[in-house]
Amino acid sequence: MTESDAWVPEGVDITVPNAARIYDYALGGVHNFAVDREFWDNALKVFPTAGLVGRANRAFLGRAVRRLAQQGIRQFLDIGSGIPTVGNVHEMAQGVDPSSKIMYVDIDPIAVEQSRSLLTGNPRARAVRGDLRDPESILFNPAVLDFLDFAEPVAVLTVAVLHFLPDSDDPGSIIKRIGDTLARGSHLVVSHAGPERTPESQAGLKAAIKLYEKTPTPVVMRTRSEIAALVETAFELVPPGVVIANEWHPDPEEDEVPPQPTALVAVGRKP
Ligand SMILES: C[S@@+](CC[C@H](N)C(=O)[O-])C[C@H]1O[C@@H](n2cnc3c(N)ncnc32)[C@H](O)[C@@H]1O
């Protein structure tokens, strides 16, 4: 891609690395800039398995959505949905039942715009801009209320996004407020950066996390029990609980990604 910025929404600063576009580049997408690519290439130098973490995360997202759709969930609210890439939520959910509805939400205008462009002609999938730190502005956004029926179960996806919320944002209260709005039988899907298992890889992860301090969304790593506590503010953890992505209902048909300890995941159900 040339660095033509004709497609960039007004107000987007393409001189600062951005989580949505870094992740897009990491997964092989084209909606990113030199600054994002340079950031990711530097992250790989200090934490060489970072790309595998992204792939493990994305594979988990696919399995979780398909499984919930197979269990009868027909509404998905994907917060921090990112720039559309391979295996998007609407493709997986509507692959199980074409009547499934998906609302994508992201803080990044490029992610929202690219989602809208991809969803042209799909009346059962939409995208809006929103900030997870202000969950009411998402849950009570008229565009969301018009589209999703909160009297029926909804799967809220917070996949690879909660680690952008420091404790000072009180992510537990955010998850609780989301859970309190949802009907019984709703679900929360989480993936989150967790600790590595060896001192060497943990040092690499910490160095990569340090790089994120240069972005508008620094990363906070949390332990399994901290992630469980976030989910349990309003949901009951469903088996197998908080595990690394590869251990969450692995699909033997899927291309295998080697286990990535830092890719911690969980699914909760509203009782
Ligand atoms: C690493 S990407 C994850 C994309 C997708 N959920 C996945 O796992 O494949 C993180 C996304 O979260 C978004 N994000 C970061 N902070 C956010 C916030 N406070 N509210 C909504 N989205 C946010 C970023 O713009 C980015 O698109």
(request) Scan segment 148-186 for residues that are more than 13 Å from the ligand (Cβ to nearest atom) and touching a Pro at 6+ places or on another chain (Cβ under 7 Å) and jot them down. (result) Arg177, Ala183, Arg184, Gly185, Ser186
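Evaluate the following for Ala50: is it modelled with pLDDT of 95 or more, within 16 Å of the chain's Cα centre (by Cα) and either under 21 Å from His90 (Cα atoms) or polar (S, T, N, Q) (or both)?
Working: modelled with pLDDT of 95 or more: yes; within 16 Å of the chain's Cα centre (by Cα): yes; either under 21 Å from His90 (Cα atoms) or polar (S, T, N, Q) (or both): no.
Taking the combined requirement at face value, the residue does not satisfy it.
If you take the residues of segment 125-170 that are among the β-branched types (Val, Ile, Thr) and part of a loop (DSSP other than H, G, I, E, B), which of them is surrounded by the most Cβ atoms within 10 Å (Cβ to Cβ)? Spell out the reasoning first.
At the first step, the residues of segment 125-170 found to be among the β-branched types (Val, Ile, Thr) are 128, 138, 144, 154, 156, 158-159, 161.
Retained after the next criterion (residues that are part of a loop (DSSP other than H, G, I, E, B)): 154, 161.
Values: Val154: 26, Val161: 23.
If we take residues in segment 125-170 being among the β-branched types (Val, Ile, Thr) and part of a loop (DSSP other than H, G, I, E, B), then Val154 is surrounded by the most Cβ atoms within 10 Å (Cβ to Cβ).
Suppose we keep only residues that are of a type in the set (A, V, I, L, M) and in a loop (DSSP other than H, G, I, E, B) within segment 17-34. Which one would you say is nearest to the ligand (Cβ to nearest atom)? Before the answer, list the steps.
In the first step, residues of segment 17-34 are kept if they are of a type in the set (A, V, I, L, M); the result is 19-20, 22, 26-27, 30, 34.
The next check asks that each one be in a loop (DSSP other than H, G, I, E, B); those that pass are 27, 30.
Values: Leu27: 7, Val30: 15 Å.
Ranking the candidates gives Leu27 first.
Give Gly62, Gly51, Gly72 a once-over and let me know the one that is more than 21 Å from Leu188 (Cβ to Cβ) and more than 9 Å from the ligand (Cβ to nearest atom).
Working: Gly62 fails: more than 21 Å from Leu188 (Cβ to Cβ); Gly72 fails: more than 21 Å from Leu188 (Cβ to Cβ).
Only one candidate passes the filter, namely Gly51.
Hey, among the residues in segment 38-53 that are touching a Lys or Arg at 6+ places or on another chain (Cβ under 9 Å) and more than 15 Å from Arg197 (Cα to Cα), which one's surrounded by the most Cβ atoms within 10 Å (Cβ to Cβ)?
Initially, segment 38-53 is screened for residues touching a Lys or Arg at 6+ places or on another chain (Cβ under 9 Å), giving 39, 46-47.
Right, trim to more than 15 Å from Arg197 (Cα to Cα) and you get 39, 46.
On the way: Phe39: 25, Val46: 16.
For segment 38-53, the residue satisfying everything is Phe39.
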(request) From the list Ser100, Ser115, pick out the single residue that is in contact with a strand residue (DSSP E or B) (Cβ under 6 Å, 6 or more places away or on another chain), polar (S, T, N, Q) and buried (at least 22 other Cβ atoms within 10 Å of the Cβ). (result) Ser115
(message) Looking at Lys270, Lys214, Lys206, Lys210 in this structure, which one is at pLDDT below 95 and more than 18 Å from the chain's Cα centre (by Cα)?
(response) Lys214
(request) Name the one entry in Pro195, Pro261, Pro218 that is assigned to a loop (DSSP other than H, G, I, E, B), touching a residue at least 24 places away in the same chain (Cβ under 8 Å), surrounded by fewer than 17 Cβ atoms within 10 Å (Cβ to Cβ) and in contact with a strand residue (DSSP E or B) (Cβ under 9 Å, 6 or more places away or on another chain). (result) Pro195
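The values are calculated or read from the model by the stated rules, or taken from the named source; none is laboratory data. What you see is a predicted model, and the numbers here were worked out from it, not measured in a lab. All Cβ positions, even for glycine, are placed from backbone atoms using ideal geometry, and neighbour counts span all protein chains on display.
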